[in-house]
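Report on the following structure.
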Amino acid sequence: MSALTSVVPLLALLCLLLSVVAASHSMAQSADHGQTHALGGQAHHHGHPSAGEDQWEGSRQGVAYSEFNHHLAGVFLLLIGLGEVRQALGWTSLAWTRVLLPGALIVAGIFLLIWSDHDAWPVGSMTFVQTFGGLDPEVLQHKVYGILALAVGSVECLRRVGWSDHAVWAAPLPLFAIVGGLMLFGHSHGEHPAAQKIALHHVMMGTMAITAGSSKLISGWRSRQLIAERSYWELLWACLVVAIGLQLLIYSE
């Protein structure tokens, strides 16, 4: 078991570093995509629609698929946030809710890796290489979110059941929130008729995620001080997670 508690956090840290690199590459490609479109290019979302296929972004099916995924993510974040609120307030009852965060992150990560995009591997026409090779920046970012959620959820699971209690492994969770928030500022839904509205959603969620992650980091650094002082940062983290979950529940395109 000691080998497991050493290997899983290391793999999670590696996933985090690789995901930062992939996110940077994806955001750069997204910017290039937007520049090409501004110059009159004919790029389409998800890169290679087949002949006669209607544009997915903005279509009834595309909007329904995207909104369902966002609303489901909102449910996961609400579960996480409510569990974190209980912990921040120091309630001794409902102690089992401490496993909501790792459980929700693991399930969400698996969901994103499989169903994040209708045409991406493994459920769509895109191959594994096309999906993870950055052919479509939006698809790549969704998969990066999935990898991060799965890795960080695994670390938190080990931490919260007492198998890995080293202080350094408290860092992946807030770093995940900060990196994920930064990625939202460069996340684009391609040629979507509601692109400005979606961008506003992303800016709001990104700002809250960065603030939440920073609060969680501060909480960890101040853990040796008074519990009451630490709980303010913990409560801010928890409330922001709930707020992001609520925003995702009302997300619309």
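When residue 235 is evaluated against the numbered criteria (1) at pLDDT 85 or above; (2) under 18 Å from the mean Cα position of the chain (by Cα), which criterion, by number, is the only one it fails?
(2)
Taking the condition of a type in the set (Val, Ile, Thr), within 22 Å of residue 65 (Cβ to Cβ) and under 16 Å from the mean Cα position of the chain (by Cα), does residue 155 pass?
So residue 155 fails the test.
Kindly indicate whether any position in the range 206-215 is more than 16 Å from the chain's Cα centre (by Cα), closer than 22 Å to residue 101 by Cα and at pLDDT 90 or above.
yes
Taking the residues in the range 154-165 that are free of Cβ contacts under 8 Å to residues at least 60 places away in the same chain and open to solvent by 10 Å² or more (accessible area, probe 1.4 Å) as candidates, determine which candidate is nearest to residue 116 (Cα to Cα).
It comes out as 157.
Would you list the helices (runs of 4 or more DSSP H) that sit entirely within the range 58-153 and hold 1 or more residues that are open to solvent by 40 Å² or more (accessible area, probe 1.4 Å) and touching a His at 6+ places or on another chain (Cβ under 7 Å)? Can you show your working first?
Details: elements: 60-89, 100-115, 128-132.
Output list reads 60-89, 100-115.
Within the range 194-202, is even one residue without any contact (Cβ under 8 Å) to a residue 24 or more places away in the chain and either within 15 Å of the chain's Cα centre (by Cα) or open to solvent by less than 20 Å² (accessible area, probe 1.4 Å) (or both)?
yes
Do we find that residue 171 is over 24 Å from residue 55 (Cα atoms) and surrounded by fewer than 22 Cβ atoms within 10 Å (Cβ to Cβ) in this structure?
yes
On the basis of being at pLDDT below 90 and assigned to a loop (DSSP other than H, G, I, E, B), does residue 223 make the cut?
Against the criterion (at pLDDT below 90 and assigned to a loop (DSSP other than H, G, I, E, B)), residue 223 qualifies.
The values are calculated or read from the model by the stated rules, or taken from the named source; none is laboratory data. What you are looking at is a predicted structure, and each value in this text was computed from that prediction instead of being measured. Every residue, glycine among them, receives a Cβ derived from its backbone with ideal geometry; neighbour counts consider all protein chains shown. Accessible surface areas use protein heavy atoms only, side chains included; no ligands, DNA or RNA. Shrake-Rupley method; radii C 1.70, N 1.55, O 1.52, S 1.80 Å.
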